[in-house]
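J.: Please read through the structure below; I'll follow up with questions.
Read-outs: derived from the displayed coordinates by stated rules, not from any lab. Note that this is a predicted model, so its numbers are computed, not measured. Cβ sites come from the backbone with ideal geometry, for glycine too, and all protein chains shown count toward neighbours.
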Protein chains: 2
Amino acid sequence: MDWRHVPSLSALRAFEAAARLTNYSAAARELNVTHAAIAQHVRRLEDHFGLSLMQRDGQTMQPTPEGQRLSRSLSTAFGQIAEISEDLIAQDTDRPLRIATTPSFAEYWLMPRIGAFWAANPEIRVEIAPSGDLVDLRADGFDLAIRYGRGAWPGLNTERLESAGHVVVAAPSVVGSNYVGCMTDLEDQHWLITGTSTEERVWLKANGLDLSKCRVTQMDVTALSLQAVRAGHGITIVPRAVAIGDIENGTLIALCEEIDSDLGYHILTRPDRVSPQLKTFIAWLRKQRETP
Amino acid sequence: MDWRHVPSLSALRAFEAAARLTNYSAAARELNVTHAAIAQHVRRLEDHFGLSLMQRDGQTMQPTPEGQRLSRSLSTAFGQIAEISEDLIAQDTDRPLRIATTPSFAEYWLMPRIGAFWAANPEIRVEIAPSGDLVDLRADGFDLAIRYGRGAWPGLNTERLESAGHVVVAAPSVVGSNYVGCMTDLEDQHWLITGTSTEERVWLKANGLDLSKCRVTQMDVTALSLQAVRAGHGITIVPRAVAIGDIENGTLIALCEEIDSDLGYHILTRPDRVSPQLKTFIAWLRKQRETP
DNA sequence: TCCATATGTAAGCTCAACTAACAGGTAAGA
DNA sequence: TCTTACCTGTTAGTTGAGCTTACATATGGA
């Protein structure tokens, strides 16, 4: 693209409006500047091109023939720019909310509840993308992310949602029904854990357990993990809601539980990019944390 | 034109170059800025539209599908702007010199000599526009103006060319062959003068004669004025060259002549808008004043 | 003649656009 | 594996393009 002969784009915009409206004052109003700005821009363009572009017509101004040529090209060009800009803005406005979450959050916290959100807000479409990776909201095009951690994500609005409520469970036969402690001597255990247990791994590590030193068998789904743990083949870590039945009927023992941890799920959004629909979704998330 | 959704035109230009070249550093070189400027512009556009426009591809960047849509529209739009800009610059470069002069200067000074200029410079086209009005070089699209006065035209380059050499003449029978003085008692005379004698009127006024208080008959052409003056019907003012024959053969008397006046013809040009061709023309004008 | 509108222009202000500087990533070649 | 050359990301600071303010002058309708 040869920009050598192109003057200031701001000046060209000012001129286009002046030529189209045949009035510097009207052009100023359209562009939210003063008539002085328009006059100066047009003057500078005339100097640049060495041509008269506007001429007096009583009180107002008319484009000269050269001015008309320039104005026509500019109107077409700027019209295209305005159109594509509007299209992209509309595309951003009309698309569903894109939510990135940790896998477990999606599976155990959000999906079980999302039906209620959809019932209450049928006009708000939500796309949920479970991902263990730390996504870049802006670059990856997300409106909101649910992340597990301590909440210090720079450049983002961060609001703690709630604790994850993880619980480490095993069959009584594995550690004895009188096991006392938390995370004590569990490194020698056989961990049966899914590959998507991203935030569980974070919690274990934060509590001193180095899974890389443990025998780990990666399971495909949590249900299989639990089945194997019930059979006494090892231990696992899951959200409390998943194991509460087995704990209460004595099939499994809760060896350690996430209580009063500074780790937890957080709502992440980009500053100044919170649409009304997103605000509705966030309010609903807040309401949900009060529900057992 | 709806500018509400249009972001910074500078940012759009930066993005267009980045998308087309798939490289922020190359875009920076094309636009003569640093890669940091390009990166900031693209970031701001992504914030504005709420969409990702560029994504990493190893070391370089690729436009996303939305980025490709925007980039295509921008390339077309900016291409049009670049093209019309180049056309107008070329038009200014390729057109003939446009010279505004006072009417008498054109008729008696310039036109008699212009043939010599054209013979010497066949490649330089010159358009001459006689005008009694004070033209605006910029607004009216002139490269040079010849104006009669004292030379103080603000905002313009001014160079004195030479005296106009006006002479007031009458038949001996009108004022007696022994008339002594200059502009003395001439207000009672019957002035036969063309409408285009702009600079003559300026000189008369500067020498104390108020034509509005005189009996003035406007003639269509100077030749007719001279004929009537020869017949003793009144007096007139013309360039010396026109009347020199009648003065020398005694048909007319020179009542007053413009000598050592601060009034004179001046060459006016706009600062920083003197093309090589215009310089050639000005040099030729200078040379001509040395020619009787 | 008065009033409401227009444009012209110079002086001064300000923030968008940019640079400088540093950091970190990618990829190719030794 | 290390080195080199290129790329982008980002922050802090600079600056002049773009604008406003204020005043002047012109036009046209009532």
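J.: How far, in degrees from 0 to 90, does helix A:111-120 lean away from the longest principal axis of the Cα atoms of chain A, to the nearest 10?
T.: 40 degrees
J.: Still on this model: If neighbour count is taken as other Cβ atoms inside 10 Å, put A:CYS182, A:CYS256 in order from fewest to most.
T.: Ordered from fewest to most neighbouring Cβ atoms within 10 Å, A:CYS182, A:CYS256 come out as A:CYS182, A:CYS256.
J.: While we're on this one: Of the residues A:THR217, A:THR236, A:THR64, which exhibits the maximal mean-square fluctuation in a Gaussian network model of chain A defined by a 10 Å Cα contact cut-off?
T.: A:THR64
J.: From Cα pairs below 8 angstrom and at least 6 apart in sequence, can you work out the relative contact order of the stretch B:26-69, rounded to a whole percent?
T.: Averaging sequence separation for qualifying contacts and normalising by length gives 23 percent for the stretch B:26-69.
J.: Sort B:89-95, A:165-171 by packing, meaning the average of other beta carbons within 10 Å per residue, with the highest value first.
T.: A:165-171, B:89-95
J.: Calculate the FRET efficiency for B:ALA283 and B:ALA139 from the Cβ-Cβ distance with a Förster distance of 30 Å, rounded to the nearest 0.05.
T.: 0.70
J.: Excluding residues fewer than 8 places away in the same chain, name every one of the lysines whose C-alpha is closer than 26 Å to that of B:LYS205.
T.: List returned: B:LYS213.
J.: Taking the beta-carbon count within 10 Å as an exposure proxy, list A:PHE78, B:PHE15 from fewest neighbours to most.
T.: Listing A:PHE78, B:PHE15 from fewest to most nearby Cβ atoms yields A:PHE78, B:PHE15.
J.: Explain nothing, just the number: relative contact order of chain A, from Cα pairs under 8 Å at least 6 residues apart, as a whole percent.
T.: 20 percent
J.: What value, in deg cm²/dmol to 500, does the helix sum -39500 (n - 2.57) over DSSP H runs of n ≥ 4 give at 222 nm once divided by the residues of chain A?
T.: Taking each H run of at least 4 residues, the total per residue is -13000 deg cm²/dmol.
J.: A further question on this structure: Place a point 7 Å from Cα of A:GLU123 in the direction of its Cβ. Which residues in the stretch A:259-284 have their backbone N less than 19 Å from it?
T.: In the stretch A:259-284, the label zone of A:GLU123 (backbone N under 19 Å from the point 7 Å along Cα→Cβ) covers A:274-284.
J.: Here's a follow-up. Given the options A:GLY50, A:HIS35, A:GLN91, identify the residue whose Cα lies farthest towards the positive end of the charge dipole of the stretch A:9-94 (+1 on Cβ of Lys, Arg; -1 on Cβ of Asp, Glu).
T.: It is A:GLY50, whose Cα lies furthest towards the positive end.
J.: Report the FRET efficiency, 1/(1 + (r/R0)^6), for B:VAL33 and B:GLN68, where r is their Cβ-Cβ distance and R0 is 22 Å, rounded to 0.05.
T.: So, using R0 = 22 Å, E works out to roughly 0.45.
J.: May I pose another question? Return the unpartnered cysteines for chain B, using a Cβ-Cβ cut-off of under 4.7 Å.
T.: Isolated Cys, chain B: B:CYS214.
J.: What list do you get for A:SER163, B:SER85 if you sort them by fewest beta carbons within 10 Å?
T.: By the 10 Å Cβ count, ascending, the order reads A:SER163, B:SER85.
J.: To make sure I understand the rule: partners must be lysines, Cα under 30 Å from the Cα of A:LYS279, and not fewer than 8 residues away in the same chain. Which ones qualify?
T.: A:LYS287
J.: How high is the relative contact order of the stretch A:166-257, in percent, with contacts defined as C-alpha pairs under 8 Å that are six or more residues apart? Numbers along the way, then the final one.
T.: Details: 145 pairs, mean separation 49.0, N = 92.
Across the stretch A:166-257, relative contact order equals 53 percent.
J.: Treating only the Cα positions of the stretch A:166-257 as identical point scatterers, give the base-10 log of I(q)/I(0) from the Debye formula at each q in 0.12, 0.14 Å⁻¹.
T.: -0.29, -0.41
J.: Still on this structure, please answer the following. Against the longest principal axis of chain A, how steep is helix A:276-288, in degrees 0 to 90 to the nearest 10, with axes from Cα atoms?
T.: Taking the Cα atoms of chain A, the angle to A:276-288 is about 20 degrees.
J.: Once you treat every alpha carbon in chain B as an equal point and sum by Debye, what is log10 I(q)/I(0) at q = 0.13, 0.15 Å⁻¹?
T.: Debye output, listed in q order: -0.91, -1.08.
J.: Next question. Assign unit charges at the C-beta atoms only (+1 for Lys and Arg, -1 for Asp and Glu), then state the dipole size of chain A relative to its Cα centre in Debye, rounded to the nearest 20.
T.: 860 debye
J.: Compute the distance in nm between two label points, each set 7 Å from the Cα along the Cα-to-Cβ direction, one at A:ASP2 and one at B:TRP153.
T.: Label-label distance for A:ASP2 and B:TRP153, simple model: 3.4 nm.
J.: Among B:VAL221, B:LEU278, B:TYR265, whose Cα projects farthest towards the positive end of the dipole of the stretch B:215-292, with charges put on the beta-carbon of Lys, Arg (+1) and Asp, Glu (-1)?
T.: Farthest towards the positive end: B:LEU278.
J.: Take the Cα coordinates of the protein assembly as shown, assign each an equal point scatterer, and use the Debye formula without solvent to give log10 I(q)/I(0) at q = 0.05, 0.06 Å⁻¹.
T.: For the requested q values the scattering log ratios are -0.48, -0.58.
J.: Would you mind working out the magnitude of the charge dipole of the protein assembly as shown relative to its Cα centre, with +1 at each Lys and Arg C-beta and -1 at each Asp and Glu C-beta, to the nearest 20 Debye?
T.: 80 debye
J.: Right, another one. Treat every Asp and Glu Cβ in the stretch B:9-48 as -1 and every Lys and Arg Cβ as +1, leave all other atoms uncharged, and give the resulting dipole magnitude about the Cα centre to the nearest 20 debye.
T.: Dipole size: approximately 80 debye.
J.: For chain B, the longest stretch holding no GluC sites (Glu not before Pro) located in a DSSP loop with at most 13 other Cβ atoms within 10 Å is which?
T.: Working: sites that count: B:GLU123, B:GLU290.
Excluding the exposed sites themselves, the longest stretch runs over B:124-289.
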